[in-house]
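Working notes for the structure below.
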Amino acid sequence: MPASVEDRAKTGSSDVGRARGLHEDLAAVLIGAGLVILALAVTWAGRPDGDRASRESHPKGWPTPLAATVGLPGTWVDSPLAAFRDGSGRLAVAPVALGMGWVVAVGTLGAVLGGGGVRRFLPGGALLAALTCLAYLLAAQKVVKFYNLEYPLWALAVGLLVGNVGGVPRWLTPALLGEFFIKTGLVVFGAEVLVSRLLALGLPGLMTSWIVTPVVLVSTYLFGVHALRIPSRPLCMTLAADMSVCGVSAAIATGAACRAKKEELSLAIGLSLFFTVIMMVAMPPAIRALGLDPLVGGAWIGGTIDATGAVVAAGESLGRDVGEVAATVKMIQNSMIGLIAFAVAAYWAGWIDRDASGPRGTLLGEAWRRFPRFILGFLGVSLVCSALHGLGPAEALWVEGATTGFTARVRGWLFCAGFVCMGLQTNFRELAPLLASGRPVVLYLLGQALNLVLTLGMASLTFGWLFRKAVAP
């Protein structure tokens, strides 16, 4: 019989992290780092014979043999079957099937490291991979793709529909490793956050991201708690981090630090995805209508739109240089994930959940206990790949080939699987009271309005005036 949503909430998202196995965060770090090491090793082994340092020959980095092991459904118009055909019209199912295989493989290894059994995971893991593929397939439809309604939105929708209408069978529950998949994906994502790219814009990029973001986060959180009186502080913090930092990644990291419920995470991510689509479509014409300097517009886009993919799409619609500025500002925001998560953990330990009658420990120690450890994996992978990338032109192409050809794709599959799990585990009945008052939506709108105003002001100051000559192409 299908398990009730309440049963699913009690059992949790995964077997990873049980007492007789590794903690979920440690498992995510080991597997995520392992995937990056695998990508670097295989890409190095298959390195080109000549022109290894030529960016003209390898604009996206060295080709990696692993690229053939993880694919996505192609664009389709009327028939979904067209998504599984190559340019000549022949069936090309293998790359997509292998992408599903990575979801099953990572989930199986995570279950084993966490003390679970392979047999318990595999049946549900196969169905989870199929639902993940379905989400990607829906996102690949031509009209949907034109409006950039990306896979996270469809993954949540698929999970919500199946979980709340059809129910989740008990044999699927051991495969619902949603947080584990997303944490592992974030560790892998560290390979794409390179210090050289963060420093490319120098001080103006840092000022635009690192000054505005904390101000918006703190202001939005306090407004939600004290002005709107939203009863759940974790929901306020998760919404504030999601909207002000970098969308889904920040929501997951901050939600772990303040122990937000799955329904609260789903709500924050759903709002973020919905308004990301609106802003991605609306901001480029607004920038043109306001007559803004294109670089100022790019920085404004990078500092306000939540999803990196949407940032790139919106920025490049104004020009390639604008797209690069927008993407770099967003990457600088992404680099704040660890710092924000630790600050939230310290605040929760010292002021929100502090037990006056319990044993007194140091604030730093309690914050460290609450700090999501997988963030260390994200930072470690980022630093290692940044160091390799900075060794020389050939090494830079090596790292870029490994990330663009493999790790970025695997990360997408893992994120998508995680969002499907979150949808499957989200109860509409528990989510309805959060939405009924409308206060979370109001908080997001007001916080994003503040973010838009402050980021535009800072971008105009830095990119439009103080450092205009330095950042001009």
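Values in this text are rule-based calculations from the coordinates and carry no lab data. Small disclaimer: the values here were computed from a predicted structure and weren't measured. Ideal geometry is used to build each Cβ from the backbone, glycine not excepted, and the neighbour counts take in all protein chains shown.
Reducing the stretch 160-210 and the stretch 414-457 to their Cα centroids gives an inter-centroid distance of 15 Å.
Counting 0.36 nm for each residue step from L161 to A68 and taking away their Cα separation leaves a gain of 30.3 nm.
Across q = 0.08, 0.12, 0.13, 0.19 Å⁻¹, the stretch 58-212 modelled as identical point scatterers on its alpha-carbon atoms has Debye log10 I(q)/I(0) values of -0.32, -0.70, -0.81, -1.27, in the order of the q list.
Per-residue 3J(HN,Hα) values for the stretch 376-391, derived from phi via the Karplus relation 6.51 cos²θ - 1.76 cosθ + 1.60 with θ = phi - 60°, read 5, x, 4, 5, x, 5, 4, 5, 5, 5, 5, 5, 5, 4, x, 5 Hz in sequence order (x marks Gly and Pro).
This ranking places M237, M280 by how few other beta-carbon atoms lie within 10 Å of each, fewest first, which gives M280, M237.
For the stretch 252-298, the Kirkwood hydrodynamic radius comes to 12.8 Å, computed from all pairs of different C-alpha atoms. Once backbone amide H atoms are built at 1.01 Å from N, V168 has A3 as its partners under 5 Å, excluding neighbours fewer than 5 places away on the same chain. Checking (i) 23.8; (ii) 26.8; (iii) 21.3 against the coordinates, the calculated mean projected area of the Cα convex hull in nm² falls under label (i).
The gain in end-to-end length when the I352 to L435 segment is fully stretched comes to 27.5 nm, 0.36 nm per residue minus the alpha carbon separation.
Note on the chain: Lys pairs 8 or more places apart or on different chains, Cα atoms under 24 Å apart, count 10. The modelled label-to-label distance between A408 and R47, using points 7 Å beyond Cα along the C-beta direction, is 2.2 nm.
Quickly estimate the mean residue ellipticity at 222 nm for the chain, helices only: each DSSP H run with n ≥ 4 gives -39500 (n - 2.57), and the total goes over all residues, rounded to 500. Before the final figure, lay out the partial values.
On the way: 24 runs with 305 residues, N = 473.
Computed mean residue ellipticity for the chain: -20500 deg cm²/dmol.
Computed over the Cα atoms of the stretch 248-405, the ratio of the radius of gyration to the Kirkwood radius (Rg/Rh) comes to 1.07.
On a C-alpha basis, how far is the centre of the stretch 238-301 from the centre of the stretch 90-150 in Å? Whole number, if you could? Rounded to whole Å, the Cα centres lie 25 Å apart. Spin-label model, L445/L461: points 7 Å from Cα along the beta carbon direction are separated by 2.9 nm.
Panel order for K261, K183, K145, by other beta carbons found within 10 Å of each beta carbon, from fewest to most: K145, K261, K183.
Proximity of backbone amide H atoms, modeled 1.01 Å from N, is registered between Q141 and W76 at under 5 Å, excluding neighbours fewer than 5 places apart on the same chain.
Using only side-chain charges placed at the Cβ, +1 for Lys and Arg and -1 for Asp and Glu, the dipole size of the chain relative to its Cα centre rounds to 580 debye.
Amide H contacts of R85: G74, A92, each under 5 Å away and 5 or more positions distant or on a separate chain (H built 1.01 Å from N in the peptide plane; Pro and chain starts excluded). Positive end of the dipole of the chain (Cβ unit charges, origin at the Cα centre): among W62, L443, G302, the Cα lying farthest that way belongs to L443.
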